[in-house]
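Structure record follows, encoded as structure tokens.
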Amino acid sequence: MSDGTATGTDLDVRLEKHRVELTGYCYRMLGSSFEAEDAVQDTMVRAWRSYDKFEGRSSMRSWLYRIATNVCLDMLNAGNKRARPMDLTAPSPLAQAALNPRADNTWLEPMPDVRVLPTVSDPAEAAVAKESVRLAFMAALQQLPPKQRAVLILREVLAWKASEVAELLGTTVASVNSALQRARATLAESDGEGADAATSDPLDEEQQKLLERYVAAFEGYDMTALTALLHEDAIMTMPPFDLWLRGTDDITGFMTTLGAPCEGSRLVAVEVNGLPGFAQYKPDPESGGFVPWAVQVLEISKGRITGFHCFLDTARWFPLFGLPVSLEAEADQVE
């Protein structure tokens, strides 16, 4: 965006300082990783082009949030609401499991933590930020009308004052307070399907051991060990397919039938949506190595895995997470 001048370079640097937090804001608004990054890029371009009209009557940060909000509201005019499979259909019994894909713009998308969670020194602030990008909260946000969504995020996640939000949206404090009250009521009515419980940050010893046991069970394709780690009502989803399964019997049954080609996979840890996750690489019979198959996002509550979400569009997700396009076979597996 720079015109090569010192002033232009300085402005680029000042704008870039806000990219991560703006991406987090747009992601919460839109529910899409790629739309959020497009929205932030549009915000930066608009800010660059109109900087000569920015008179410093507000901080650059609030000015950028105003632009980003307008960009997101324009994008949300199409009316599309991102969802999880369990927001759209009932669970499928294993005997009726069928892999029916839906369009990309149907689904709530995963996002690497590093792209949306700025580094902050306050542990409480960091915890709120992580909670606010978890899949269950993101799905609940999608149920709100766009302006209520903006008010809730600005007030409750980013801790803006009602007067600041009113100025940003060009409305009154009373209107902001009313929108916030309605948004809270809608979230309170949410049934919390697949909701995340608070996960300590960093993971405590018990949670870390749970993840180590999960990796051993999944890579070993040990369904008995996996069953011991899953909550009895655990949920498994696989966007872009609308199929979702509930309960250990159906999940492990699926993994040993339709999901059997995943046996022998390798997992690489990732930080995604404020939750523990893994990049799954499936065995490739042709190369003898491993190829991308899914980004897994795990929800944990009371020492058990309650949600097991596999995002399968690896051509999109693995580059977003900066993951390698393949893994070589381990030396001890080579004849």
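The values are calculated or read from the model by the stated rules, or taken from the named source; none is laboratory data. These figures come from a predicted structure and were not determined experimentally. Using ideal geometry, Cβ is built from the backbone for each residue, glycine included, and neighbour counts are taken over all protein chains shown. All accessible areas refer to the heavy atoms of the entire protein, side chains included, with ligands and DNA or RNA removed. Shrake-Rupley method; radii C 1.70, N 1.55, O 1.52, S 1.80 Å.
Across the range 164-170, coupling constants 3J(HN,Hα) worked out from phi with the 6.51/-1.76/1.60 Karplus curve, θ = phi - 60°, read 5, 5, 4, 5, 4, 8, x Hz, and Gly and Pro carry x. Take the Cα of residue 41, step 7 Å toward its Cβ, do the same at residue 188, and the gap between the two points is 4.2 nm.
Dividing the summed -39500 (n - 2.57) terms of all DSSP H runs of n ≥ 4 by the residue count of the chain sets its mean residue ellipticity at 222 nm at -13000 deg cm²/dmol. When the chain is treated as a Gaussian network with alpha carbon springs shorter than 10 Å, the biggest mean-square fluctuation among 288, 247, 277 belongs to 288. Hydrodynamic estimate: the Kirkwood radius of the range 56-137 over Cα pairs, inserted into Stokes-Einstein at 25 °C and 0.890 mPa s, corresponds to D of 149 µm²/s. Note on residue 175 and residue 257: the model spin-label points, each 7 Å out from Cα along the C-beta direction, lie 5.4 nm apart.
Taking only the C-alpha atoms of the range 235-335, Rg followed by Dmax gives 14.1, 43 Å.
By the rule of a C-alpha distance below 28 Å, with chain neighbours fewer than 8 residues away ignored, the lysines paired with residue 209 are 130, 282, 302. When peptides 157-163, 111-117 are sorted by average Cβ neighbour count within 10 Å, with the highest value leading, the order is 111-117, 157-163.
Three principal axis extents of the chain based on alpha-carbon atoms, in descending order, are 67, 48, 39 Å.
The 3J(HN,Hα) values that the Karplus relation (6.51, -1.76, 1.60; θ = phi - 60°) gives for the range 22-29 are, in residue order, 5, 5, x, 5, 5, 5, 4, 5 Hz. Gly and Pro appear as x.
For the chain, give the percent of accessible area contributed by carbon and sulfur heavy atoms, probe 1.4 Å, rounded to a whole number. That fraction is 51 percent. Rounded to the nearest 0.05, what FRET efficiency do residue 99 and residue 14 give with R0 = 45 Å and r taken as the Cβ-Cβ distance? Could you check? The formula returns an efficiency of 0.45 here.
On the basis of the beta-carbon distance and an R0 of 45 Å, residue 204 and residue 156 show a calculated FRET efficiency of 0.95. Taking amide H as placed 1.01 Å from N in the peptide plane, residue 84 has its amide H under 5 Å from the amide H of 108, each at least 5 places away in sequence or on another chain. Partner lysines whose Cα lies under 23 Å from the Cα of residue 53, excluding those fewer than 8 positions away in the same chain, are identified as 17. Here the Kirkwood formula, the inverse mean of 1/r across different C-alpha pairs, assigns the range 29-84 a hydrodynamic radius of 12.1 Å. Entry comment: accessible area of the range 109-166 is 40 Å² per residue, from protein heavy atoms only and a probe of 1.4 Å. Can you tell me the FRET efficiency between residue 90 and residue 326 if r is taken as the Cβ-Cβ distance and R0 is 51 Å, rounded to the nearest 0.05? Here the calculated transfer efficiency is 0.85.
In the chain, the DSSP beta bridges split such that about 85 percent are antiparallel, to the nearest 5. The order of the peptides 220-230, 90-100 by mean Cβ neighbours within 10 Å, most packed first, is 220-230, 90-100.
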